[in-house]
């Protein structure tokens, strides 16, 4: 069984597995997975019992458990936003969710954009002051920071010309924009990055957990392929 837990290295014993393994947030049915995990552990213990049932019957039971586990897991795809970007929550220092960010990477040129929302579904924009920038910190494929800033301070339009300034706040930032920074390190359809994002407002820094960023086109393909498979 593949290791799909988080926040700990692959367990080397059943007791370690019980202690630190937890289903990822993107699975379909976490509770069922925990129950199936317990059944699999019981079956693995049976493997070492000389008085256990026949190997054929045991294999049949294991195959059934694996099928049920696959059903409970569903498709492990990154949380996605309305623009085929990757969604992540930004939290205050005390762990409270402040807003949600959708990060979109266009693989043709390495352009990156970020939209902030009130909720995880991207229904309502979340505005921050125009002047502060959003900062992304990449851990892989290389350790590097990139600052996302407004396109301009007049209407801050997106790629489709839609304005994104409301009052003196905006929910939309881009990279590299007018900074002139080299962006080819983000280009390519096979790009995969591990990163976090944060911004500061009123003296408080709000940040995300580390998440995986893949190009918009690849994320769109994965989502649609999974939907087709599930139907």
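Only the coordinates and a few stated rules stand behind these numbers; no lab work does. Note that this is a predicted model, so its numbers are computed, not measured. Virtual Cβ from ideal backbone geometry, glycine too; neighbours counted across all protein chains shown.
Peptides 132-140, 101-109 ranked from most to least packed, by the mean per-residue count of other Cβ atoms within 10 Å: 101-109, 132-140.
Projected label points at residue 154 and residue 119, each 7 Å from Cα along the beta carbon direction, are separated by 3.5 nanometres. Scaled to the compact-protein estimate 2.2 N^0.38 Å, what is the alpha-carbon radius of gyration of region 86-228, rounded to two decimal places? For region 86-228, the normalised Cα radius of gyration comes out at 1.01. Shape of region 134-187 from the C-alpha gyration tensor: prolate (a/c of 1.5 or more and a/b above b/c, with a ≥ b ≥ c the square roots of its eigenvalues).
Once the C-beta distance of residue 96 and residue 147 is scaled by a Förster radius of 25 Å, the resulting FRET efficiency is 0.50 to the nearest 0.05.
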